[in-house]
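Take a look at the structure set out below.
The values are calculated or read from the model by the stated rules, or taken from the named source; none is laboratory data. Values in this document were obtained by computation on a predicted structure and should not be read as measured data. Here the Cβ is made from the backbone with ideal geometry for all residues, glycine too, and neighbour counts use every protein chain on show. Side chains are part of the model used for accessible areas, which takes the heavy atoms of the whole protein and leaves out ligands, DNA and RNA. Shrake-Rupley method; radii C 1.70, N 1.55, O 1.52, S 1.80 Å.
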Amino acid sequence: YPDVGRLQMDLLAMALRCRMTPVATLQWDMSFSNIVPTWLGIPEAHHDLSHMGDSNVDAWDKMARIQRWYAEQFAYLLGQLDSVVEGNGRTVLDNSVVMWGNELGRGNTHSHTDVPFVLAGSGGGYFRTGRYLKCGHAPHNNLLVSCMNAMGLQTNTFGNPAYCTGPMANLT
């Protein structure tokens, strides 16, 4: 799993560097992940751990280790994109928007609020970077609209309009 993931990130970064594609997606697993992260010394499935109660300190420690590992993989991908300078003096990462997210805010409650997302890269200067934003209960489709706008697709909706109110405020 870690080796295949690393190879996929390398291929993704090469495709963007070579301009073989302007858009790429990497999904580590389906949302109902039965991956057992044995490489982290964890013998339980990620999905099972994500459903443990808030008082299960052992499960939440393991979840933190798993999420840290995914954060390290995200950092690796960003490093790959940041290592290539393009003609305008910016790196591939500077000229890109890379989003890391999850479909749930909390696995044990299946909450659709407070879903964490990380955006990296400024989209060629479109987004202000280096900040942490709490966006309340804004639909995450608004974030996708903002990413589309950064890529030159001017729209105010993505997906079901009932779950989208336009681009996110305070990103640019």
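Be a star and scan segment 142-163 for residues whose amide nitrogen sits under 17 Å from the point 7 Å along the Cα-to-Cβ vector of H112.
Once the point is set 7 Å along Cα→Cβ of H112, 142-145, 158-163 turn out to lie under 17 Å by backbone N, inside segment 142-163.
Rounded to a whole number, what % of the accessible area of segment 16-172 do carbon and sulfur atoms account for, probe 1.4 Å?
Working: 5310 of 9630 Å².
It is 55 percent, rounded to a whole number.
Cα atoms only: what Rg and Dmax, in Å, come out for segment 9-53?
That works out to 15.5, 46 Å for Rg and Dmax.
Beyond 21 Å, what share of the Cα-Cα pairs of the chain remains, rounded to the nearest whole percent?
55
Would you mind listing how long segment 73-172 runs along its three principal axes, going by Cα atoms, in whole Å with the largest first?
43, 32, 21
How much length is gained on full extension from D48 to Q154, taking 0.36 nm per residue of separation minus their Cα-Cα distance?
Numbers: separation 106, 0.36 × 106 = 38.16 nm, distance 4.05 nm.
Roughly 34.1 nm would be gained on extension.
Give me the percent of Cα-Cα pairs in segment 31-103 that sit more than 18 Å apart, rounded to a whole number. Intermediate values should be presented prior to the final figure.
Working: 1374 of 2628 pairs.
Above the 18 Å cut-off, segment 31-103 has 52 percent of its Cα pairs.
Show me the chymotrypsin sites (Phe, Trp or Tyr not before Pro) within segment 1-39 that DSSP assigns to loop and that have at most 12 other Cβ atoms within 10 Å of their Cβ. Intermediate values should be presented prior to the final figure.
On the way: sites: W28, F32, W39; in loops: W28, F32.
The qualifying sites are F32.
State in Å² the accessible area per residue of the chain; use a 1.4 Å probe, count heavy atoms of protein chains only, and round to the nearest integer.
Values: 10520 Å² over 172 residues.
On a per-residue basis, the chain sits at 61 Å².
How charged is the neighbourhood of R106? Take every other residue with its Cβ under 11 Å from the Cβ of R106, and add Lys/Arg as +1 and Asp/Glu as -1.
In short, -2.
Would you compute, from DSSP H runs of 4+ residues alone, the mean residue ellipticity of the chain at 222 nm, taking -39500 (n - 2.57) per run and dividing by the full residue count, rounded to the nearest 500? Don't skip to the answer; put the middle values down first.
Details: 4 runs with 58 residues, N = 172.
It comes out at -11000 deg cm²/dmol, rounded to the nearest 500.
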